[in-house]
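To start, the structure under review is shown below, and the notes come after it.
The values are calculated or read from the model by the stated rules, or taken from the named source; none is laboratory data. Note that this is a predicted model, so its numbers are computed, not measured. In this analysis, Cβ positions are derived from the backbone assuming ideal geometry, glycine residues included, and neighbour counts consider all displayed protein chains. With ligands, DNA and RNA removed, areas are computed over all heavy atoms of the protein, side chains included. Shrake-Rupley method; radii C 1.70, N 1.55, O 1.52, S 1.80 Å.
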Amino acid sequence: MVQSFWITKYCRFARKVWLIKMRIIFVRHGEPDYKNDTLTEKGKRESNLLSERISKCEVTDFYCSPLGRAKATALPTLEKTGRSAETLEWTQEFFYPIDDPVTGRHGVPWDLVPSFWSGDPLMLSQEDWVKAEIMRQNSDIPQKRDEVFRNLDKLVEKYGYVRDHNFYRAVGKKPVFITSTTSPDNVEQVRHPSGSEKEPVIVIFCHLGAICMMLSHLINIPFPLLAHGFFLPPTSLTILATEERWDNEAYFRVQSMGDVHHLLAGGEPVAQAGYFASPFQS
């Protein structure tokens, strides 16, 4: 019933767009000059190396946060490719400040000490982390979280994917059934079906917290776990693709997270911005 409803509702749209799968590449901005909302000289070098990498990809659409450091990161890539990026206001940094009762810090609603946040069951809940006492300090947090989720769903719907509870449906596509990644003898790889259209690839230049917030929705992991458990270095790539192996069901799966091959290959050290340890430099 659900599948029939969505296909009926979007049949006109689906006839126009026949997609194979979708890839999302999140790019964190380069090393930031937060005071002036731009990049440091190192951040500019990082963004130039990034442009060499991204310009080799067949990108369907570019998107960018409205903040200066994200725009400055996108600029070398856009100039090199002769493209433009659509500004998405809701991809700006998730900066709705709280007062940390342990450290006294006033700022982003993460970077909390482990003994404070990890023992709170609400902070481990996909839905209810916004109800934790520290998050209730700022009434914008639940509202802005939901705003990001709604707008993200509208964006992926543009490419033919409609949210159905905790996964997505690839509307109007021929059902596919793949039971495993290899043949029964575990040797020969299964040949995945392909079509005549190229898969859509979108690149979103934004911020560490914003990326973690979007990931939390796409793969149903509580935001505090992502924000505290993963470091996304400046100009790193976090790459997801829809796995579509059963009927018209699609689920975004992370292929790589915080990838900085372009920096290491270019001899540029990984920046520490947003990290409380020394980044691995190999």
Practice item. State which entries of LYS56/LYS158; LYS80/LYS144; LYS42/LYS71; LYS158/LYS198; LYS174/LYS198; LYS56/LYS174 exceed 22 angstrom in Cα-Cα distance in the structure shown. Key: LYS56/LYS158; LYS80/LYS144; LYS56/LYS174
Check your understanding: Considering only VAL148, GLY107, SER180, whose Cα is most displaced toward the positive end of the charge dipole of the chain, charges sitting on Cβ of Lys, Arg (+1) and Asp, Glu (-1)?
Key -> SER180
Revision key, fill the gap. Zone reached by a paramagnetic label modelled 7 Å from PHE230 Cα along Cα→Cβ, restricted to region 258-282 with backbone N below 17 Å, covers 258-261, 274-276
**Study point:** region 27-67: trypsin sites (Lys or Arg not before Pro) in DSSP coil with no more than 14 other Cβ atoms inside 10 Å
**Key:** LYS56
Review point. Which ³J(HN,Hα) values in Hz, rounded to whole numbers, follow from the phi angles of region 212-224 under the Karplus curve 6.51 cos²θ - 1.76 cosθ + 1.60, where θ = phi - 60° and Gly and Pro get x?
Key: 4, 5, 5, 4, 4, 7, 5, 10, 6, 10, x, 3, x
Revision key, fill the gap. Once the dipole of region 24-148 is set up from charges on Cβ (+1 Lys and Arg, -1 Asp and Glu), the residue from the list SER47, PRO97, ILE25 lying farthest towards its positive end is SER47
Review point. In deg cm²/dmol, rounded to 500, what helix-only [θ] at 222 nm does the chain give when every DSSP H run of at least 4 residues adds -39500 (n - 2.57) and the total is split over its residues?
Key: -9000 deg cm²/dmol
**Study point:** Cα centre as origin, Lys/Arg/Asp/Glu Cβ charges: region 197-273 dipole, Debye
**Key:** 240
Review point. With every protein chain kept in the model, how would you rank MET213, MET257 by accessible area, 1.4 Å probe, largest at the top?
Key: MET257, MET213
**Study point:** In order through region 103-111: 3J(HN,Hα) via Karplus (6.51 cos²θ - 1.76 cosθ + 1.60), integer Hz, x for Gly, Pro
**Key:** 9, x, 5, 10, x, 4, x, 8, 6
**Study point:** Net length gained if the chain between HIS165 and GLN281 were fully extended (0.36 nm per residue, minus Cα distance)
**Key:** 37.8 nm
Check your understanding: Ignoring ligands and nucleic acids, what accessible area does TYR34 show with a 1.4 Å probe (Å², nearest 10)?
Key -> 130
